[in-house]
Amino acid sequence: MHKITVMIVDDQPFFRSGVRDVLAQANSPDAMELLECNAGENGNEAIAQIAAESPEIVLLDIGYPFLNGLDLCRKIVRTFPQTKVVILSTNSLEDGDELFEVIKTGAVAYVRSKYCSPAELAEILERTSRDEYPINDSVGQKPKVAWRVLRQFQEMTSGVRKDDDILIPLTSKEAQILTLVAEGNANKQIATILGISEQTIKNRVSSIMRKLNANDRAHAVMLAVRNGWVPVQPDRRWGRRREDTSSERLGPSGIYSN
């Protein structure tokens, strides 16, 4: 059985101990190894301990209402690309702006603690360990937030020349899969839409990321938007499932053509 190493990062020992106890009760001792970490000034202690311990997942408090955990999340994602970050928020309000900022950091999941049971948190960590992106669930419930993210990527890259070092173009199937990723679908959902196995989708997504030299799925989407392989259209519902994509075409590029 794969044992997940989870590092709980927060400045408050009481909070760290509480989260650790909750996860310990929700899992068998063999399921997770739980570590505690004080972020320290500017997150320096957290960075040092992550380097020493190499946790698979970092469970990071967002620092509501000041959101100072977002800066540390960005540092972790940049410095340790193999370590996944799950953001935990104590914000009781349904805050699209907060979710938008979390998405931009590269976190793989966004959890509002007031509405998350111990079992649900444990499940999110398990899904994260399986290379899933639970944040897609949050995005799928907020199409406007998802549109803001893609729109910002497009604005950031407008007027910038396309990458000359991307020599291998995406196949039509890869472009189709990446479009579904951009719409907020998890691997399992994409597999259902396309009628192929989830493992095949995982392999295809990994291949896409290698081709684009992308750090994560969000980065791959950004590069695809920049190069015109993924359309950005405000009238499309984020995460909308299609019964048949074999004949659907999006614009002159024909992303869905066979």
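In table form, for the structure just shown:
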item: Cβ-Cβ FRET estimate between residue 172 and residue 131, R0 fixed at 22 Å, reported to 0.05; result: 0.35
item: Label-to-label distance, nm, for residues given as residue 120 and residue 44 (7 Å Cα→Cβ offset); result: 3.8
item: Gained length - residue 36 relative to residue 82, 0.36 nm times residue gap less alpha-carbon distance; result: 14.7 nm
item: Charged-residue dipole, Cβ positions (Lys, Arg, Asp, Glu), region 4-141 about Cα centre, Debye nearest 20; result: 200
item: Other-chain or far-sequence residues with amide H under 5 Å of residue 33's (modelled H); result: 4, 5, 6
item: Footprinting exposure proxy for 60, 194, 121 (fewest neighbouring C-beta atoms within 10 Å first); result: 194, 121, 60
item: Theoretical FRET efficiency, 1/(1+(r/R0)^6), r = Cβ-Cβ of residue 199 and residue 52, R0 35 Å, to 0.05; result: 0.55
item: Proxy reagent accessibility, fewest Cβ within 10 Å first, across 14, 80; result: 14, 80
item: Surrounding net charge for residue 72, when Lys and Arg each add one and Asp and Glu each subtract one, Cβ distance under 12 Å; result: -3
item: Exceeding the 22 Å Cα-Cα cut-off - candidates 173/211; 3/84; 84/144; result: 84/144
item: Within-10-Å neighbourhood charge of residue 8 [Cβ basis; K, R +1; D, E -1]; result: -1
item: Beta bridge orientation in region 4-141: antiparallel %, DSSP, nearest 5; result: 0
item: Residue order, fewest to most beta carbons within 10 Å, for 94, 132, 33, 183; result: 94, 33, 132, 183
item: Top positive-direction residue, dipole computed over region 4-141 with Cβ charges, set 34, 108, 91; result: 108
item: Long-range HN-HN contacts of residue 68 with modeled amide H, under 5 Å; result: none
item: Cα pair distances in region 186-225, grouped into 5 Å bins until the bin that holds the longest one, percent each; result: 6, 26, 27, 21, 17, 2
item: Estimated D of region 4-141 in µm² per second, where Rh is the Kirkwood radius over Cα pairs and Stokes-Einstein applies at 10 °C, 1.306 mPa s; result: 108
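None of the figures in this text is laboratory data; all of them are computed from the coordinates on show. Predicted model only: the values in this text are computed from it and were never measured. Heads up, the Cβs are rebuilt from the backbone with ideal geometry, glycines too, and the neighbour counts pull from every protein chain shown.
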